[in-house]
Amino acid sequence: MFLGFAACNYGFTFCWPILFVDGIFLKSTHNGCLLSACAKDGNQRLYPLCLAVVNSEDNENWYWFMKQLRDLLEDGRVLVFVFYRHDGLLQAVKKAFPFSPHSHCLVHLKENLKKRMGRLDNSRKKYLVNLFNLCTYTPTVREFEKLMNKLKNEGGVKVADFLDTLDNELGAMLIFQERDTMN
């Protein structure tokens, strides 16, 4: 089931063309997943655009959701997508919105990083997450590489392995902006 109200679609034309896409498991007798796309309004509050209930969070359902979203949005704007690291969602965005840039959600990345740190004490985790945040918003490639190497060295093997699985362009603002200006 897909829900996208005309009033929400109309209101989205006045929001920044950035969509935050996420899914959550429903815990009831029927189970399934709730998929949603939200924007931010002029007051930086979440602005719901659409949602869907599907039987599972898989590649096929994410693609179906993205096709429904594409059909809902007829204003022709290029959208920026922000989402967590689900391969099916990444592929669905690439297929349904081939010219739209996308990035990983920093909140999810930080949570995944914390989980990889295991039993480190909280002050050490906080320091490393802050270092990761600095990498994300650094203004120069040289500084980005310097901070990323420092994070890998100080974080240990588990942190370095996690960071190696990330595409820098999907997490670093500097590289995201460079890619965006090239398109």
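The values are calculated or read from the model by the stated rules, or taken from the named source; none is laboratory data. The model shown is predicted, which means the values in this text are computed figures rather than measured ones. Cβ: placed from backbone, ideal geometry, glycine included. Neighbour counts: every protein chain shown. The accessibility values were calculated without ligands, DNA or RNA, using every heavy atom of the protein model including side chains. Shrake-Rupley method; radii C 1.70, N 1.55, O 1.52, S 1.80 Å.
Some notes on this structure:
- Applying a threshold of 7 Å to beta carbon distances and a minimum spacing of six or more residues, or different chains, the list of pairs starting in the range 153-167 at a residue that is more than 15 Å from Lys110 (Cα to Cα) and ending at one that is surrounded by 14 or more Cβ atoms within 10 Å (Cβ to Cβ) reads Glu154/Leu128.
- Test result for Arg85, farther than 30 Å from Gly4 by Cβ, open to solvent by 60 Å² or more (accessible area, probe 1.4 Å), of a type in the set (Lys, Arg) and part of a loop (DSSP other than H, G, I, E, B): no
- Counting the residues of the range 109-123 that are without any contact (Cβ under 8 Å) to a residue 60 or more places away in the chain and within 22 Å of the chain's Cα centre (by Cα) gives 8.
- When we screen Val53, Val78, Val93, Val107 for residues that are over 30 Å from Phe132 (Cα atoms) and touching a Phe, Trp or Tyr at 6+ places or on another chain (Cβ under 9 Å), the only hit is Val53.
- Of all residues in the range 101-136 being among the hydroxyl-bearing types (Ser, Thr, Tyr) and modelled with pLDDT of 85 or more, the one that is surrounded by the most Cβ atoms within 10 Å (Cβ to Cβ): Tyr127
- Any hit, the range 12-24, residues being part of a helix (DSSP H, G or I) and open to solvent by less than 30 Å² (accessible area, probe 1.4 Å): yes
- Test result for Arg77, touching a residue at least 12 places away in the same chain (Cβ under 8 Å) and not polar (S, T, N, Q): yes
- Scanning the range 36-51 for residues that are among the hydrophobic types (A, V, I, L, M, F, W, C) and either touching a Ser or Thr at 6+ places or on another chain (Cβ under 9 Å) or not in a strand (DSSP E or B) (or both) yields a count of 3.
A quick yes/no check of all residues on (1) in contact with a Lys or Arg (Cβ under 7 Å, 6 or more places away or on another chain); (2) at positive phi; (3) of a type in the set (A, V, I, L, M, F, W, C):
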| residue | (1), (2), (3) |
| --- | --- |
| Lys95 | no, no, no |
| Leu109 | no, no, yes |
| Asn112 | no, no, no |
| Phe132 | yes, no, yes |
| Met148 | no, no, yes |
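- Residue match in the range 124-142 (condition: part of a helix (DSSP H, G or I) and in contact (Cβ under 8 Å) with a residue 40 or more places away in the chain): no
- Residues being open to solvent by 20 Å² or more (accessible area, probe 1.4 Å) and either within 16 Å of Ile18 (Cβ to Cβ) or touching a residue at least 60 places away in the same chain (Cβ under 8 Å) (or both) - total across the range 88-100: 2
- Sole exception among (1) closer than 26 Å to Leu109 by Cβ; (2) open to solvent by less than 60 Å² (accessible area, probe 1.4 Å); (3) at pLDDT 90 or above for Pro48, by number: (2)
- Checked against the criteria, Lys146 counts as at pLDDT 85 or above and more than 21 Å from His104 (Cβ to Cβ).
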